[in-house]
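Notes for the one structure printed next.
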Amino acid sequence: MIGIIVAAHGELAQALVTTAKLVVPQAESVMSVSVESGDSSEKFESKLDEAIGKLKSSNGVLVLTDMFGGTPSQVSMTKHNTGRVEVITGASLPMLIKALQISTQEIDLFEAGKQIKQSGT
């Protein structure tokens, strides 16, 4: 199983997860991590590290961030570890739904990332 983290500004991460679970109600191993107004990069990094620790699995963790260049994206990219932690920016509802649908399959994390990126275009 692939662990999925949605990392975004404000309430967007939780809103994406809640909405995606309406389409994929059996979704497991998914968490949201938000950077709030006034949060330091260090505080967000601590929340992200905790989520990665909770979702570590044999097939790795995929982090979907809201926008390239923002704090969630920049901090998440420092966690990239090929085959263990992959990061995709520009998260959307179709991407998250695809991620939840394939997260339980026996699929390579890199291949899962390619399929998820494709679903967002």
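The values are calculated or read from the model by the stated rules, or taken from the named source; none is laboratory data. Since the structure is predicted, the reported quantities are computational estimates derived from the model, not experimental observations. Here the Cβ is made from the backbone with ideal geometry for all residues, glycine too, and neighbour counts use every protein chain on show. We work out accessible area using only protein heavy atoms, side chains counted, and drop any ligands, DNA or RNA first. Shrake-Rupley method; radii C 1.70, N 1.55, O 1.52, S 1.80 Å.
Under the Karplus relation 6.51 cos²θ - 1.76 cosθ + 1.60, θ = phi - 60°, what is the ordered set of whole-Hz ³J(HN,Hα) values for segment 100-110, x standing for Gly and Pro?
Each residue's phi maps through the Karplus curve to give 5, 5, 9, 4, 8, 7, 7, 9, 5, 4, 5 Hz.
If you work out log10 I(q)/I(0) by the Debye sum over Cα atoms at q = 0.14, 0.15, 0.17 Å⁻¹ from the coordinates, which of [x] -0.58, -0.66, -0.82; [y] -0.66, -0.71, -0.82; [z] -0.49, -0.56, -0.73 do you get?
Structure-derived value, by its label: [z].
Could the peptides 111-117, 18-24 be put in order, highest first, of the mean number of other beta-carbon atoms found within 10 Å of their residues? If you can, show how the numbers build up before the last one.
On the way: 111-117: 17.3, 18-24: 14.1.
Descending mean neighbour count gives 111-117, 18-24.
Mean residue ellipticity at 222 nm from the helices of the chain, using -39,500 (n - 2.57) per DSSP H segment of n ≥ 4 over the full residue count, to the nearest 500 deg cm²/dmol? If you can, show how the numbers build up before the last one.
Numbers: 5 runs with 55 residues, N = 121.
Mean residue ellipticity at 222 nm (helix-derived): -14000 deg cm²/dmol.
Identify, among Asn81, Ser92, Leu22, the residue whose Cα sits farthest towards the positive end of the charge dipole of segment 1-114, taking +1 on the Cβ of Lys and Arg and -1 on the Cβ of Asp and Glu, with the dipole about the Cα centre.
The Cα lying farthest towards the positive end belongs to Leu22.
Compute the signed sum of charges (Lys and Arg +1, Asp and Glu -1) over the other residues within less than 15 Å, Cβ to Cβ, of Glu86.
+4
Obtain the nm distance between the two label points defined at Val24 and Thr82 by a simple spin-label model: each point lies 7 Å from its Cα along the Cα-to-C-beta direction.
Roughly 2.6 nm, to one decimal.
Dividing the Cα radius of gyration by the Kirkwood radius, what Rg/Rh value follows for segment 1-57?
Working: Rg = 11.8 Å, Rh = 11.8 Å.
That ratio equals 1.00.
Lysine pairs in the chain 8 or more apart or on different chains: how many have alpha carbons under 18 angstrom apart?
9
Between segment 88-121 and segment 1-55, what's the alpha-carbon centroid distance in Å?
The distance from the Cα centre of segment 88-121 to that of segment 1-55 comes to 15 Å.
Roughly how tilted is helix 12-23, in degrees to the nearest 10 and between 0 and 90, from the longest Cα axis of the chain?
Rounded to the nearest ten degrees, it is 20.
When DSSP assigns beta bridges and you keep just the ones with both residues in the chain, what percent turn out antiparallel, to the nearest 5?
On the way: 1 of 16 bridges.
Close to 5 percent.
Suppose every K and R has +1 on its Cβ and every D and E has -1 on its Cβ; what is the size of the dipole of the chain about the Cα centre, in Debye to the nearest 20? Kindly include the intermediate steps, with their values, before the conclusion.
On the way: 10 positive and 13 negative charges, 44 e Å.
In total the dipole reaches around 220 debye.
Give the carbon-plus-sulfur fraction of the accessible surface of segment 9-50 in %, rounded to a whole number; probe 1.4 Å, heavy atoms of protein chains only. Write down the numbers at each step before the final one.
Working: 1260 of 2520 Å².
Its accessible area is 50 percent carbon and sulfur atoms.
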